[in-house]
1. Only one of (1) under 22 Å from Ala39 (Cβ atoms); (2) assigned to a helix (DSSP H, G or I); (3) in contact with a helix residue (DSSP H, G or I) (Cβ under 6 Å, 6 or more places away or on another chain) fails for Gln131. Which number is that?
2. Could you figure out which of (1) at pLDDT 90 or above; (2) surrounded by 17 or more Cβ atoms within 10 Å (Cβ to Cβ) isn't true of Phe127?
3. Which one is surrounded by the fewest Cβ atoms within 10 Å (Cβ to Cβ), of the residues in the stretch 14-39 that are part of a helix (DSSP H, G or I) and among the small types (Gly, Ala, Ser)?
4. Residues to consider are Thr141, Thr101; find the one that is farther than 17 Å from Leu11 by Cα and of a type in the set (Ser, Thr, Tyr).
5. Would you be able to tell me the number of residues in the stretch 107-118 that are within 24 Å of Val138 (Cβ to Cβ) and free of Cβ contacts under 8 Å to residues at least 24 places away in the same chain?
6. Confirm whether Arg151 is closer than 25 Å to Lys45 by Cβ and over 16 Å from the mean Cα position of the chain (by Cα).
7. Before we move on, is Leu119 buried (at least 16 other Cβ atoms within 10 Å of the Cβ), at pLDDT 95 or above and assigned to a helix (DSSP H, G or I)?
8. When the residues of the stretch 136-155 are filtered to those that are in contact (Cβ under 8 Å) with a residue 40 or more places away in the chain and part of a helix (DSSP H, G or I), which remaining residue is farthest from Arg62 (Cα to Cα)?
Amino acid sequence: MIRTLKVLSLLLSYPATDITKAAPGFADIIDDESLVPAAERKALKRLISELAKNDVYDSQERYVLLFDRSRTLSLNLFEHVHGESRDRGQAMVDLKEVYATHGLELDATELPDHLPLFLEFLSTLPFNEAQEMLGDVVHITSALKERLRKRKSSYASVFWAIESLTKAKPDKAVLESMLAEPDVDPNDFEAMDKLWEEEQVTFGPGPNAAAACGPDRLAAQLRAGMRPAPAPGSNLGGNNG
């Protein structure tokens, strides 16, 4: 297991009591593996310290304010390209099938494109495969990093770490397009209501750009490369590209 990716998954998960109690041990794990550069590890340790020391209810309130009330900070990967369109549903079905072929069965309440779950899955893969798949979503994680950095949130450290683990760089045009989307203050309830009431919201570039870089490409690559060779008579194929 790539334990650093497991730690990053836990850091981006809702800070339930079991996670905050375990947090003091996270720093040793990222130091032991040393997959993340020293500067990024130092930033991660600030977040780890906050989760370990702060009141758990304060940590939970901060988490909800950041990730659950702001669509531009959503941790659901496909939402940033597909919004609420039917394409997102098919992409999630594809990703769920890939998880299943690797022995990860989800319950009915879990969204396959939820970033903490995606990172947990990657933690079970060989490092080079995990690196490559992180590269497929690097423009999304880079956009989240920039938005969190502007908010001076210590959660930005997780996305700096993710970026350091992949050799891929975000497509400049795609990233700029994503960052051009309005980043509504979650405390502005009127603006938030207006945003959520829109019939369909699609963050990021148009479908052509998305197909070339991002979750659309990720879904296609998962179908093409992450699955073992199909059995005779099977119409399934694919493994990571």
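The values are calculated or read from the model by the stated rules, or taken from the named source; none is laboratory data. In this text the structure is predicted, and so the values were computed from the model without any measurement. Here Cβ is always computed from backbone atoms with ideal geometry, including for glycine, and neighbour counts include all displayed protein chains.
1. (3)
2. (2)
3. In the first step, residues of the stretch 14-39 are kept if they are part of a helix (DSSP H, G or I); the result is 17-33, 38-39.
Filter once more, keeping what is among the small types (Gly, Ala, Ser): 22-23, 25, 27, 38-39.
Details: Ala22: 13, Ala23: 22, Gly25: 11, Ala27: 17, Ala38: 9, Ala39: 11.
Per the criteria, the residue is Ala38.
4. Working: Thr141 fails: farther than 17 Å from Leu11 by Cα.
Sole residue among the options that is farther than 17 Å from Leu11 by Cα and of a type in the set (Ser, Thr, Tyr): Thr101.
5. Looking only at that region, the number is 2.
6. Values: closer than 25 Å to Lys45 by Cβ: yes; over 16 Å from the mean Cα position of the chain (by Cα): yes.
Judged against the criteria, Arg151 is a match.
7. Values: buried (at least 16 other Cβ atoms within 10 Å of the Cβ): yes; at pLDDT 95 or above: yes; assigned to a helix (DSSP H, G or I): yes.
For Leu119, the condition - buried (at least 16 other Cβ atoms within 10 Å of the Cβ), at pLDDT 95 or above and assigned to a helix (DSSP H, G or I) - is met.
8. For the stretch 136-155, the residue satisfying everything is Asp136.
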